[in-house]
1. Counting Lys +1, Arg +1, Asp -1, Glu -1, what net charge surrounds T30 among other residues with beta carbon under 14 Å of its beta carbon?
2. Rounded to a whole number, what % of the accessible area of the chain do carbon and sulfur atoms account for, probe 1.4 Å?
3. Taking R0 as 35 Å, what FRET efficiency do you get between D112 and L11 from their Cβ-Cβ distance, rounded to the nearest 0.05?
4. Return the percentage of antiparallel bridges among DSSP beta bridges fully within the chain, rounded to the nearest 5 %.
5. Amide H of V120: which non-local residues (sequence gap of 5 or more, or other chain) have their own amide H closer than 5 Å, using H built in the peptide plane?
6. Decide, for the chain, between rounded, prolate and oblate: order the square roots of the alpha carbon gyration tensor eigenvalues as a ≥ b ≥ c, take rounded if a/c falls under 1.5, and otherwise choose prolate if a/b is larger than b/c, else oblate.
7. Where a Cα-Cα gap under 19 Å defines reach, which aspartates and glutamates qualify for K76, not counting those fewer than 8 residues away within the same chain?
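The values are calculated or read from the model by the stated rules, or taken from the named source; none is laboratory data. Just so you know, these numbers come straight off a predicted model, no measurement behind them. Neighbour counts run over all protein chains shown; Cβ positions are idealised from the backbone, glycine included. Please note that ligands, DNA and RNA were not included when accessible areas were found on the heavy atoms of the full protein model with its side chains. Shrake-Rupley method; radii C 1.70, N 1.55, O 1.52, S 1.80 Å.
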Amino acid sequence: QVQLVESGGGLVQAGGSLRLSCAASGRTSTIYAMAWFRQAPGKERDFVAHIPWNGGTTTYVESVKGRFTISRDNAKNTVYLQMNSLKPEDTAVYYCATQYRSRSIYQPYDYDSWGQGTQVTVSS
């Protein structure tokens, strides 16, 4: 089992930036890929970005392309989400998640472990 802890959320004005971190611990050798999801109040948990753990193509939801960047540091067992040009509609709780094997990447049920989430609030 892999444990995930997110950090880096906060309150920022529109146009600002934040960098989220997700530190993995436990059986990190089992990680195949990691991703970020977000959930706004009253809405479903939505896919944001995905990165294979050992190299490969990153994937983003259309609404964040060109603004968000997902990256990883395998030595630190950490994945990051750099968020620039933030908009009020980016406001949500952001969760990181991990997959232990190759699966579809867009649905929460295709992920095996989750962090507790970190709140991102973008004011207009």
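1. Working: positive: R27, R101, R103; negative: D112.
Its environment carries a net charge of +2.
2. Numbers: 2860 of 6190 Å².
Result for the chain: 46 percent of the exposed heavy-atom area is carbon or sulfur.
3. 0.65
4. Values: 39 of 43 bridges.
Looking only at bridges with both residues in the chain, the antiparallel portion is about 90 percent.
5. Result for V120 returns G10, A92, V93, Y94.
6. Numbers: a/c = 1.68, a/b = 1.63, b/c = 1.03.
It is prolate, given that a/c is not under 1.5 and a/b is the larger ratio.
7. Within the straight-line limit of under 19 Å, K76 reaches these aspartates and glutamates: E6.
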